[in-house]
């Protein structure tokens, strides 16, 4: 190699090259926090002192939910909180999203995401701070609005973590990019923020972290999945067409209700008879709309489906099979060809947690929370558009925090009342231990990547 330098002995050149790589390599990982148990104690003290404030914030957010891309008041409240902490806040990124930046010297860039939107559900928890909100959805129907997926907890932990990190600035160097993302529930928020220049207008992160509530795990615990964690999600509409008429003269009609029923049953054979049993597939019909009265056979029935897969090839096969089955059922009934629509705007790719980042985060959490409080969990068929940040080239890790009293879990295991799942009108977390664990876990995860 011609370098324009004197012909030094090879071992000297080797030492120089090794030294230069260790000093100047920009891709080298930052050092991990050296005394994690001590750091955990400091964080716990801050969170205990701060909890009354966080509890009031949580209950306000729970009682004032907003639907996807309508999170204007929620975003305004979060923006106010983050400015008070000292972050530089940019609003209306990806419609209603926030980007909040706090720089503290040279070091890694860490993204921490929360989601903001709620679900169109009438809350039936009976809590004193339960949501009473009613709005009209995009179709003009009045719906309730409820934080039934824990996004109110996510936001509170996000604010709590920002407050902790701002008070511990002497313990880290780098840049925090805290984002409040809209429309996770419809799979559109991450895409909207990325298309609005999230990684171009603001520092691109070296790592991205997020947490999520777990409605089946005890409070005080954290669980994690290395690699594939959550599934691809597709939204599909099938409009079954027939020929309407009198319910007493079905022979003069082509009944789309019967065709729709056949389609619904046949769709289940995609998983049971067309897919390798070891390859996870879910095809669920979440809504059926058709008809107006007992004695009228309608002309159309509208089916709305959610489709979950992990592998891209499997996803393609399932979507093609849905269209084939719908058309075959219509042809068998001599009905017009149905309309099958896959909604690309609501597609959410599978979430794959970066394995090195996940292992590093888990090791830190175990050092602070204890081995028995940080547990692995298998992949599930839920979906999360946090995955889009990974597709944009950033290592990601999402972990889950337990939210339920251990006694309720044990009672359910013994045959008692089943635990309400996320998205249930009866789901609620136990605020104090859930939020304290979330803030502690996320603060440790961030500081473990930013330690001096």
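The values are calculated or read from the model by the stated rules, or taken from the named source; none is laboratory data. This structure is a prediction, so every number in the text was calculated from the model and none was measured. Heads up, the Cβs are rebuilt from the backbone with ideal geometry, glycines too, and the neighbour counts pull from every protein chain shown.
Worth a mention:
- So residue 126, is it under 23 Å from residue 433 (Cα atoms), assigned by TED's automatic domain parsing to the domain that holds residue 201 and either in contact with a strand residue (DSSP E or B) (Cβ under 7 Å, 6 or more places away or on another chain) or surrounded by fewer than 16 Cβ atoms within 10 Å (Cβ to Cβ) (or both): yes
Yes or no, residue by residue, for (1) in contact (Cβ under 8 Å) with a residue 40 or more places away in the chain; (2) surrounded by fewer than 18 Cβ atoms within 10 Å (Cβ to Cβ):
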position	(1), (2)
206	yes, no
212	yes, no
245	yes, yes
249	no, yes
258	yes, no
282	yes, yes
285	no, yes
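- Close pairs (9 angstrom Cβ cut-off, 6 or more residues apart or separate chains): in a helix (DSSP H, G or I) in segment 80-92, surrounded by fewer than 18 Cβ atoms within 10 Å (Cβ to Cβ) anywhere: 82/88; 85/166
- Restricting attention to segment 134-154, the residues that are out of contact with any strand residue (DSSP E or B) (no Cβ under 7 Å at 6 or more places or on another chain) and either assigned to a loop (DSSP other than H, G, I, E, B) or farther than 23 Å from residue 382 by Cβ (or both) total 5.
- Residue in segment 289-306 that is closer than 30 Å to residue 222 by Cβ, under 25 Å from the mean Cα position of the chain (by Cα) and buried (at least 17 other Cβ atoms within 10 Å of the Cβ) present: yes
- Boolean, residue 438 is within 30 Å of residue 107 (Cα to Cα) and either surrounded by fewer than 18 Cβ atoms within 10 Å (Cβ to Cβ) or at pLDDT below 95 (or both): no
- When residue 328 is tested against (1) outside any strand (DSSP E or B); (2) more than 30 Å from residue 251 (Cα to Cα), only condition (2) is not met.
- Among (1) in a helix (DSSP H, G or I); (2) touching a strand residue (DSSP E or B) at 6+ places or on another chain (Cβ under 7 Å); (3) under 18 Å from residue 151 (Cβ atoms), the one test that residue 399 misses: (1)
- Among the residues making up segment 367-379, none is out of contact with any helix residue (DSSP H, G or I) (no Cβ under 8 Å at 6 or more places or on another chain) and under 15 Å from residue 448 (Cβ atoms).
- Residues in segment 394-413 that are more than 19 Å from residue 158 (Cβ to Cβ) and in contact with a helix residue (DSSP H, G or I) (Cβ under 8 Å, 6 or more places away or on another chain): 395 alone.
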